[in-house]
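The block underneath contains the structure these notes are about, expressed in structure tokens.
The values are calculated or read from the model by the stated rules, or taken from the named source; none is laboratory data. Nothing here was measured: the structure is a model prediction, and the numbers come from that model. A quick note on method: Cβ atoms are made from the backbone with ideal geometry, for glycine too, and the neighbour counts reach across all protein chains shown.
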Amino acid sequence: MREVEVAVVGAGQAGLSAGYFLRRAGLGPGAGFAVLDHSPGPGGAWQYRWPSLTYGKAHRVHDLPGMPLGEADPGRPSAEVVAGYFARYERAFDLRVHRPVDVTAVREGGGGRLLVETDAGTWAARALLNATGTWDRPFVPYYPGQETFLGRQLHTAGYRGAAEFAGRHVVVVGGGTSAVQLLIELAEVARTTWVTRRPPVFRDMAFDEDWGRAAVARVEQRVRRGLPPQSVVSVTGLAATEAVRQARARGVLDRRPMFDRITPQGVAWDDGRTLEADVIVWATGFRAALDHLAPLRLREPGGGIRVEGTRVVKDPRVHLVGYGPSASTIGANRAGRAAVREIRALLAGAPSPGAQPREASLAG
């Protein structure tokens, strides 16, 4: 059993940002805080991105607080660029990330502490800063006949590049940025069909700060009500970059409505249309990786966890960074600062603004 003031679970953008602000608050690695990460090396979810997703093709990686990324070769895989940046950052601020460490459960401990149980032992913490993101929980919806398909099905989490699909017909499912990126890439070597539940919305306007704030506010409204969060990207729409405009002109991004069932040879609609396919790629997003928090019973009847800012309403010792409105890279930085500010007040014995007493938070 190791006692620590704050346990940080996850060392992606949100976790490293939290570590930086904990350092700024006067807490050091060891007795002050411990960052636990299940990945084999630095880079967060970025280290798992497909090799052909170069830095120039990826969404801009927002600088971590206190140290800019700097210039990077746009032709290098984004996984390499970001992993290298995160590694430099961990060294520069002496965050001493424990890895690979799998957190299996967080439960109530004695003396007001939380027990963070892992495959490398248990940490007893006065506060928990959870920054586990979503990469470990790829979401694939079920459609009738899915198990009968004779071709290949994979989620974007398992995609490694277009070359293995050369000459095939690939159906890409999903209306987000990853789907668009894959379609543009796959169309160079394969026949593609794009299906989505709703018509995609392409935005020619710049995603400026005002637009970003409005999008984040819409996501925040859901988590304040205890509903599962939407991604910020799902609210902003799709950026009509030059590559996207060219793909639309070529017909690569012509979209069909979502099919109703899957057949052994492909997909089908209830109006009688069918489409043969060799591969179905599910670009259907991810869900928050929060199963380890289940013993704390934080979920609301709506299925989500109600948070004020980053603080969990049912247990003010727990902060979710990179969840809901803070799931973007810039949002994670701001959330890390805000969470540490509240945790400092908690550790000093002052109640967080609007925090419920522990007894009340456990009722129901």
Inset, instruction - Only one of these is touching a residue at least 60 places away in the same chain (Cβ under 8 Å), in a helix (DSSP H, G or I), under 22 Å from residue 293 (Cβ atoms) and out of contact with any Pro (no Cβ under 9 Å at 6 or more places or on another chain): 18, 7. Name it. - result: 18
Legend entry - Cβ-Cβ under 6 Å pairs, at least 6 apart or on other chains, the range 59-73 side not assigned by TED's automatic domain parsing to the domain that holds residue 244, far side exposed (fewer than 15 other Cβ atoms within 10 Å of the Cβ) and modelled with pLDDT of 90 or more: 67/92
Inset, instruction - Test residue 72 against the criterion of being out of contact with any strand residue (DSSP E or B) (no Cβ under 9 Å at 6 or more places or on another chain) and either assigned to a helix (DSSP H, G or I) or of a type outside the set (Gly, Ala, Ser) (or both), and give yes or no. - result: no
Inset, instruction - Considering only the range 25-56, state which residues are part of a helix (DSSP H, G or I) and either in contact with a Cys (Cβ under 7 Å, 6 or more places away or on another chain) or at pLDDT 95 or above (or both). - result: none
Inset, instruction - Considering every residue within the range 297-304, establish whether at least one is at pLDDT 95 or above and not hydrophobic (A, V, I, L, M, F, W, C). - result: yes
Inset, instruction - Could you please give the count of residues in the range 7-42 that are at positive phi and in contact with a Lys or Arg (Cβ under 9 Å, 6 or more places away or on another chain)? - result: 2
Legend entry - Flag for residue 61 being touching a strand residue (DSSP E or B) at 6+ places or on another chain (Cβ under 9 Å), β-branched (Val, Ile, Thr) and either farther than 24 Å from residue 244 by Cβ or in a loop (DSSP other than H, G, I, E, B) (or both): no
Inset, instruction - Evaluate the range 129-142: report whether one residue or more is within 21 Å of residue 29 (Cβ to Cβ) and assigned to a strand (DSSP E or B). - result: yes
